[in-house]
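The values are calculated or read from the model by the stated rules, or taken from the named source; none is laboratory data. Remember, it's a predicted structure, so these values are computed and weren't measured experimentally. In this analysis, Cβ positions are derived from the backbone assuming ideal geometry, glycine residues included, and neighbour counts consider all displayed protein chains.
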Amino acid sequence: MLVLALDTALGACSAAVLDTTSGRVLAALSEPMARGHAERLIPLAAETCAQAGITPGACRRFVATTGPGSFTGLRVAVAAARAMALATGGEAVGLSTLAVLAEPYLAAAEPLAVLAAIDARHGHVYAALTAADRSEILPAAYVPAAEAARRAAAMPVAIVGPGAEAIFAAWPEGASAPVILDRRAAPDIGLLARLGATVTAAAAPCRPLYLKAVDAKPQAAPPVINGPPP
């Protein structure tokens, strides 16, 4: 089976093609960007498929990061994966951005507890803390950076993701430093493809994961004026 992985949740626009028969990532492209994911993703996916020697229509599974991440950005990959699955008769699956960020350290020969974190600004992060045995210590949540740092400081831990600096800045005084501080701006797109090949659509639905309400609020209705203007 051919798998096309797409990621636009954070600071990159990325695509990869995995052949599950051989276990090889046939092609992968990733471009750092803060905005413009919607315009770039489809051409990038086509270029990735061309490098792999296939057409997007040859893929039967499409996987996207579902968040947390940019409120509008993560929707780009989710919508593209779902549309491609519909067009090809394939299926779309989704994986948490935090889970993909954490996976390299959980899957290591000597796994560590991992705090995956994304800077949510205003002293907060989107974070998930997972023990070395993969049990959840802090499920994915929107929390103060200081709270996430306090919980992670109780154990040898790897901190990974674009929120790593915010966590380290809030690290408790006198606590042992993190074992690893990995400031990567986005998940490994090849790893996303591999993980996406192992899940089911029922267990990993391709829909956005939001851990915080949208900041924007609807405009208040204009006041009603009774009678003619002066």
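Pairs meeting the criteria (first residue in segment 71-96 and more than 11 Å from L6 (Cα to Cα), second residue in a loop (DSSP other than H, G, I, E, B) and basic (K, R), beta carbons under 6 Å, at least 6 apart or on different chains) are G90/R60.
Got a sec? Which of A116, A102, A128 is modelled with pLDDT of 95 or more and either in a helix (DSSP H, G or I) or surrounded by fewer than 18 Cβ atoms within 10 Å (Cβ to Cβ) (or both)? Going through A116, A102, A128 in turn, just one is modelled with pLDDT of 95 or more and either in a helix (DSSP H, G or I) or surrounded by fewer than 18 Cβ atoms within 10 Å (Cβ to Cβ) (or both): A102. The numbered conditions (1) farther than 22 Å from P139 by Cβ; (2) at pLDDT below 95 are all true for P111 except (1). Taken together, A87, A92, A127 contain a single residue that is in contact with a helix residue (DSSP H, G or I) (Cβ under 6 Å, 6 or more places away or on another chain) and outside the structural domain of A158 (by TED's automatic domain parsing), which is A92. For segment 170-189, residues that are outside any loop (DSSP other than H, G, I, E, B) and farther than 18 Å from A16 by Cα total 3.
Say whether the condition of being buried (at least 18 other Cβ atoms within 10 Å of the Cβ) and within 11 Å of the chain's Cα centre (by Cα) is met by at least one residue in segment 86-94. Yes, there is a match, as at least one residue in segment 86-94 is buried (at least 18 other Cβ atoms within 10 Å of the Cβ) and within 11 Å of the chain's Cα centre (by Cα).
Could you please let me know if A15 is within 20 Å of I118 (Cβ to Cβ) and modelled with pLDDT of 95 or more? When the stated conditions are applied, A15 does not pass them. Surrounded by 14 or more Cβ atoms within 10 Å (Cβ to Cβ) and within 19 Å of E91 (Cα to Cα): is that true of A38 in this structure? No; evaluated as a whole, the condition is false for this residue. Looking only at segment 119-141, residues that are in contact with a Ser or Thr (Cβ under 7 Å, 6 or more places away or on another chain) and within 16 Å of L209 (Cα to Cα) come to 1 in all. Given the criteria in contact with a strand residue (DSSP E or B) (Cβ under 7 Å, 6 or more places away or on another chain) and of a type in the set (A, V, I, L, M), does A170 qualify? Considered against the rule, which asks whether it is in contact with a strand residue (DSSP E or B) (Cβ under 7 Å, 6 or more places away or on another chain) and of a type in the set (A, V, I, L, M), A170 comes out as no. Scanning segment 48-82 for residues that are part of a helix (DSSP H, G or I) and either on the phi > 0 side of the Ramachandran plot or touching a Leu at 6+ places or on another chain (Cβ under 6 Å) (or both) gives T48, A52, A58, V76, A77, A80, A81.
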